[in-house]
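Presented below is the structure to which this report refers.
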Amino acid sequence: MDRRTFVQRTCIASAGLLVGGIPTLGEDEVVLPQAPPIDVHEAPLATKSPLGMPGLYPGRVVELHHARSIVGNRVSQPVIRGMLEQGLKELSGESSATAAWQKFVEPHDVVGIKINPSGAPACCSSPELVREIIRGVQSAGVPNQNIVVYDRFGDEMDLGSYQLLMPPGVRVVGVQNNRLDQAGYDANVYAQVDFFGEWETRSYMASVVANELTKIINVPTLKDHSASGVTGCLKNVGYGTFNNVARSHKEPISFTNPLIGVLCSIEPLRSKVVLNIMDGTRMVWHGGPLTQNQDFIYQAGMMLLSTDPVAMDTVELEIIDKKRSEEHAPSVWEHKASSVTRNSREFYTDASKNLFYRQPGHIAAAGKLGLGISDLKVIDRRKVEMKA
Amino acid sequence: MADLALRSFAAKSASQDDRFSPMNDKITMAAGVDADGDWVTLLKENTRAGGLGAAALENPGKARWQMRVGSGVRSAPVWRDGKLYVASMQGHLHAINGDNGRQEWRFNAGSEIYSTPSLWRNLVLFGSNDGRAYAVDAASGTQAWEMKTNGEVWASPVSLGGVTYFGSGDGHMYAVESNSGKLKWKQELGGRIHSTAYATAKGIYVGCGDGHVHCLDSATGKNVWSTSTGNGINSSPALADDLLVIGSEDFFVYGIDAASGAVKWKYETGLGIASSPAVANGVAVIGGKDGYLYALEVPTGKLKWKARVSDVITAPAVLGAGVIYIQCWGLLALNPEDGKVLWRAGLGGSIQSAPIVVGKTIYLVSGGGDVYALE
């Protein structure tokens, strides 16, 4: 099935204007170009799942804090277990974590766990959390051989030692083994758009997602992103499932808005993502997604759960921007020419500098595509402070 | 990244069987290994002395030859009789002429290879992501045998006394006859096994994904002792002065009594450890994911020096005469006395491989599959 997604933007420029430089609005503010339309070729499921984004509990976000979840940069698996169980019960209203898991997965499912290894080893989806998610999926009757921990890049997964640290029998899949490896993608499911005149204008869905998995548990990290503002549920599962996506941002311009939301809306990905569990034990408030600089990594001791990726990312955005404000760093919304640098070393050591004009508006844009709720006033945000 | 390379770390290749001494139950290494000799496992020798004796070379000035194997590489090369053996992520084992860089033969295992090959007599041994350990004739490239497991085999096979030992992602340690691949025993541990075993006549020492260091009876595979660490173990152990040195993903380097399994000391680093120690002259050198290379005194675990050389280190170091070589994106040479960088070469971009030094040539494989002979 083909469809064309025209994204409504208020910006007045176009990509063609980049040739003559980026126009300014007043002192230091710039006018950014409008994204071109994106064509989508998707493979919708025969029966659309009610569990797909935004899932069973649109707008509900459970936010847990536990001071002992990370100590000395080490994540405590027993504490994580308690947080995960409490969070699942709060999210679902069930009296047990197993009953909650049974709302999301069934014994016959092939369950993908989409981790975020980008930024490993300093900040990535904690193996301790992934092991607890596997334990939960098992408790719902899914056997190990039907559990797949996956990401696009095998080399980044290696940096996190995921293969070693998962239980025997669980499949650990890196969709591609180098940046040009295309064998793991489905040629029939893609988004097509020409952002900057790139030679390949399509981004294909990973075959394991298109053809093997029946459910996906999304496990992003709490992290800012130099191009998209934050990298949360939407970016982790969208850019981590389709190939050839880095082309959406070319310094200093980022078209992550709208591409992130559009990719997440493509079937069958949209229907398969049933639960988002954000690892907030560490928070990267600057330098994301790849920084190894501990000066910008705060041990936040958090975990967030939601079926609604837009709502969770909206909360994440508020958390990251608040931390940046506390650290006297500019908001991720700032679009000042003086804040942008082409010197990556400067970016990785100076929180006032960035490589792109960030696009946190990608979250609200995803909301307009029906993936969830982006209004903080409407979001049902449930904070749970757990005792150490 | 393997050990990323560790997975592949020093196997006790059977070609080292002759060095086994029943008197002391350990493989002994002659001091000052011939720098022109074979390099049959990740760090040249079964002793995990890290290539001790490799020449201290100046900053390489040119590549004598350069070739590509056609896909990425996440393991280290080995060398014997003028031939370089390189395993690739495309599932190929390549035999390359060391003089001119020409490929002599290529064996297709059909699945990604993370395992650093090891050499035993006329066989090249390695594991594959398809769950098999393979033995290939070194001269012709034809398959001698294969052994199927139910998980990925990322560790290097280790051979001693005609028996080859390796762990699998199915959570079992395997012992097979080196010349036939026939199973002698297998033993279930508590997690995936990517650590390459250290073999002696009595004990097989290996780290496990469940966070334990295990000692198994060499003859039967029965558990002799298990010692717990705080997280999974990618690292491959080295044995020195009856002390087993190994790193853990729990951020610590451990010194463990080889006889009892008692922890004698542990040293805390800044992040997890996937690298493996190279041990020589009473000093263990090991890298951490925090980007530091650590030199620790083996008897006490006391820090001799540490040097930050990269964002992350996962490969093992090679200990030359008066120099330490390590691959972390590029190739670095460091002063073994204080860890200061002597020179850097911007080739060999990989954190999952280790160089080999033969005479005045450094053979280097990059993550992208480029193979260099540097002079």
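Quick note: the coordinates plus some simple rules give every number you see, no bench work behind them. As the structure is a computational prediction, the values presented were derived from the model and not from experiment. Note that each Cβ is placed from the backbone with ideal geometry, even for glycine, and that neighbours are counted across all protein chains shown.
General remarks:
- The residues A:Tyr57, A:Tyr150, when put in order of fewest to most other Cβ atoms within 10 Å, stand as A:Tyr57, A:Tyr150.
- With 26 Å as the limit on Cα-Cα distance, the pairs of A:Lys272/B:Lys148; A:Lys114/B:Lys148; A:Lys103/A:Lys383; A:Lys353/A:Lys383 that go past it are A:Lys272/B:Lys148; A:Lys114/B:Lys148; A:Lys353/A:Lys383.
- Helix axis angle, A:309-326 relative to chain A longest principal axis, alpha carbon, degrees: 70
- Of every Cα-Cα pair in the protein assembly as shown, the percent that sits beyond 45 Å: 23
- Check: segment A:240-294 dipole with +1 on Lys, Arg Cβ and -1 on Asp, Glu Cβ, in debye: 60
- Where only alpha carbons of segment A:45-386 are counted, the Rg and the Dmax (Å): 18.4, 55
- In order through segment B:244-260: 3J(HN,Hα) via Karplus (6.51 cos²θ - 1.76 cosθ + 1.60), integer Hz, x for Gly, Pro: 8, 10, 7, x, 9, 5, 7, 5, 9, 9, 10, x, 10, 4, 5, 7, 10
- Residues whose placed amide H lies under 5 Å from that of A:Ile373, excluding near-sequence neighbours: A:Gly59, A:Val310, A:Ala311
- Entry note, segment A:45-386: relative contact order of 25 percent, from Cα contacts under 8 Å with a spacing of 6+ residues.
- Amide H within-cut-off set for A:His249, under 5 Å, with H built and near neighbours excluded: A:Phe255
- Relative contact order for chain B, counting Cα pairs under 8 Å that sit 6 or more residues apart, in percent: 18
- Shown here for segment A:306-350: chymotrypsin sites (Phe, Trp or Tyr not before Pro) in loop regions (DSSP other than H, G, I, E, B) with at most 13 other Cβ atoms within 10 Å, namely A:Trp333.
- Segment A:198-297: C-alpha gyration tensor shape, a/c 1.5 cut-off, then a/b vs b/c: oblate
- Cross-link table A:Lys250/A:Lys336; B:Lys182/B:Lys202; A:Lys223/B:Lys266, entries beyond 28 Å C-alpha to C-alpha: A:Lys223/B:Lys266
- Farthest toward the positive end of the dipole of segment B:6-374, out of B:Met173, B:Val136, B:Leu239, is the Cα of B:Val136, where the dipole comes from beta carbon charges about the Cα centre.
- Neighbour net charge for A:His286 - beta-carbon separation under 15 angstrom, K R +1, D E -1: -1
- Mean residue ellipticity, 222 nm, helices only, the protein assembly as shown: the sum of -39500 (n - 2.57) across DSSP H runs of n ≥ 4, divided by residue count and rounded to 500, is -3500 deg cm²/dmol.
- Projecting the Cα positions of A:Gly119, A:Thr214, A:Ala337 onto the charge dipole of chain A (unit charges on Cβ atoms of Lys, Arg, Asp and Glu, taken about the Cα centre) puts A:Thr214 furthest along the positive direction.
- What the Kirkwood sum gives for chain B is a hydrodynamic radius of 19.5 Å, with every pair of different alpha carbons counted.
- Taking the Cα centre of segment B:260-306 as origin and assigning +1 to Lys and Arg Cβ atoms and -1 to Asp and Glu Cβ atoms, the resulting dipole is close to 60 debye.
- The angle separating the long axis of helix A:127-139 from the principal Cα axis of greatest extent in chain A is about 50 degrees.
- Between B:Gly161, B:Ser276, A:Asn243, the Cα set farthest toward the positive side of the dipole of the protein assembly as shown (charges on each charged residue's Cβ, about the Cα centre) is that of B:Gly161.
- Nearest-ten-degree value, helix A:77-92 long axis tilted from longest Cα axis of chain A: 80
- Long pairs among B:Lys264/B:Lys360; B:Lys186/B:Lys264; A:Lys377/B:Lys289, criterion Cα-Cα beyond 31 Å: B:Lys264/B:Lys360; A:Lys377/B:Lys289
- Net charge of the neighbourhood of B:Glu297, taken over other residues with C-beta under 13 Å away and scored Lys/Arg +1, Asp/Glu -1, is +3.
- Sorted ascending by nearby beta carbons within 10 Å, beginning with the fewest, B:Leu293, B:Leu160 become B:Leu293, B:Leu160.
- Cα centre as origin, Lys/Arg/Asp/Glu Cβ charges: segment B:6-374 dipole, Debye: 340
- Residues A:His65, A:His225, A:His108, A:His249, sorted so that the one with the fewest Cβ neighbours within 10 Å comes first: A:His108, A:His65, A:His249, A:His225
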